[in-house]
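Inspection log for the structure reproduced underneath, given as structure tokens.
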Number of protein chains: 2
Amino acid sequence: MAEKNPFFTAAGDEGCAVYGIHERAIRSVQDQMPWQEDLDKLAEFYRLFGDKTRLKIIWALSVCEMCVCDLCALLQMRQSAVSHQLRTLKLTRIVRSRREGKVVFYALDDDHIRNVLEVGYKHLKERE
Amino acid sequence: MAEKNPFFTAAGDEGCAVYGIHERAIRSVQDQMPWQEDLDKLAEFYRLFGDKTRLKIIWALSVCEMCVCDLCALLQMRQSAVSHQLRTLKLTRIVRSRREGKVVFYALDDDHIRNVLEVGYKHLKERE
DNA sequence: TTTATATATGATTATATGATCATGTTTTGA
DNA sequence: TCAAAACATGATCATATAATCATATATAAA
């Protein structure tokens, strides 16, 4: 992996003198890092959980599916704001939707999502 | 919890007509939601993972502790940029630091962090 | 005690992003 | 077929934020 992975090229201009000493450590880390592209995707993924509104939506949907107006009522936010975030979450496959007449119901598109919430929440609670 | 938790007050002006029908669902969700304050903290926590640079730093430190210049070499970024992000991560207790002469080593401040990375990465991989 | 190295940080700037407003689309019911 | 309800979306704007530059601090070595 390390050979094909262009994540690490060489110490830049700012490389410090200690570099030689830690070179082995750096290579080891480099070998255990995912590909740059994957890390970018992963950051993109976490970013979705990093906004109050989206996180509330995600958590709500982790309990049960809800329609847009339910979410508006729950979050006390404008329908437009909620819809925009739902769009973002749908494009990134965090949620899916199904229409029932005029109403559109949203749900988590994936069971892993719940695990993500859990592990973060646990961390928070064990630190209080 | 629901009674003290001011997360949900009432349907706003934009409450839809379906509201009555879903009221029970909303209350159920509301009961299973963490406190607003906790959700805000949780979003803050995830936000830290939602940036390429920070995520790379976190992942690298999940392998082993590294000094600032190691991270600069690994990320191919200016020392200033790396230090600024390290500061953010330290203030939020994602990482801790120890000084050894002129060199400052950073490490994850918590073993949970690794779990967070894992669960996200798994999700990503199972979706490819 | 100078000088150089490693890191930290304040100020600035360019960019990203989230809420809002206005309006468009879809579906139901009169 | 017309109107209203539920939702989607483009444009705009204010704010947040990440990188950079310049500079400060801390430690070691000469």
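A few points about this structure:
- Residue count, region B:101-128 (criterion: of a type in the set (Gly, Ala, Ser) and outside any helix (DSSP H, G or I)): 2
- Of all the residues in region A:87-110, those that are under 14 Å from the mean Cα position of the chain (by Cα) and either of a type outside the set (A, V, I, L, M, F, W, C) or closer than 19 Å to B:LEU39 by Cα (or both) number 10.
- Some residue of region A:78-89 being farther than 13 Å from B:VAL29 by Cβ, within 14 Å of DNA strand D (Cβ to nearest atom) and not in a helix (DSSP H, G or I): yes
- Failed item in (1) over 15 Å from B:MET33 (Cβ atoms); (2) at the interface with another protein chain (Cβ under 7 Å from one of its Cβ atoms); (3) modelled with pLDDT of 95 or more; (4) under 14 Å from the mean Cα position of the chain (by Cα), with A:ARG78 passing the rest: (4)
- Of everything in region A:22-64 that is of a type in the set (Gly, Ala, Ser) and away from DNA strand C (no atom under 11 Å from the Cβ), the residue that is surrounded by the fewest Cβ atoms within 10 Å (Cβ to Cβ) is A:SER28.
- Within region B:52-75, the set of residues being touching a helix residue (DSSP H, G or I) at 6+ places or on another chain (Cβ under 8 Å), more than 7 Å from chain A (Cβ to nearest Cβ) and within 22 Å of B:VAL119 (Cα to Cα) comprises B:THR53, B:ARG54, B:ILE57, B:ILE58, B:SER62.
- Of all residues in region A:93-100, at least one satisfies being away from DNA strand C (no atom under 11 Å from the Cβ), among the β-branched types (Val, Ile, Thr), surrounded by 14 or more Cβ atoms within 10 Å (Cβ to Cβ) and not in a helix (DSSP H, G or I).
- The set of residues in region B:98-128 being within 7 Å of another protein chain (Cβ to nearest Cβ) and touching a strand residue (DSSP E or B) at 6+ places or on another chain (Cβ under 7 Å) consists of B:VAL103 alone.
- Residue tally, condition more than 10 Å from DNA strand C (Cβ to nearest atom), at pLDDT 95 or above and surrounded by fewer than 17 Cβ atoms within 10 Å (Cβ to Cβ), over region A:101-114: 2
- Tally of residues being in contact (Cβ under 8 Å) with a residue 60 or more places away in the chain and either more than 7 Å from chain B (Cβ to nearest Cβ) or more than 27 Å from B:GLU44 (Cα to Cα) (or both) across region A:24-51: 0
The values are calculated or read from the model by the stated rules, or taken from the named source; none is laboratory data. Computed from a predicted structure; not experimentally measured. Note that each Cβ is placed from the backbone with ideal geometry, even for glycine, and that neighbours are counted across all protein chains shown.
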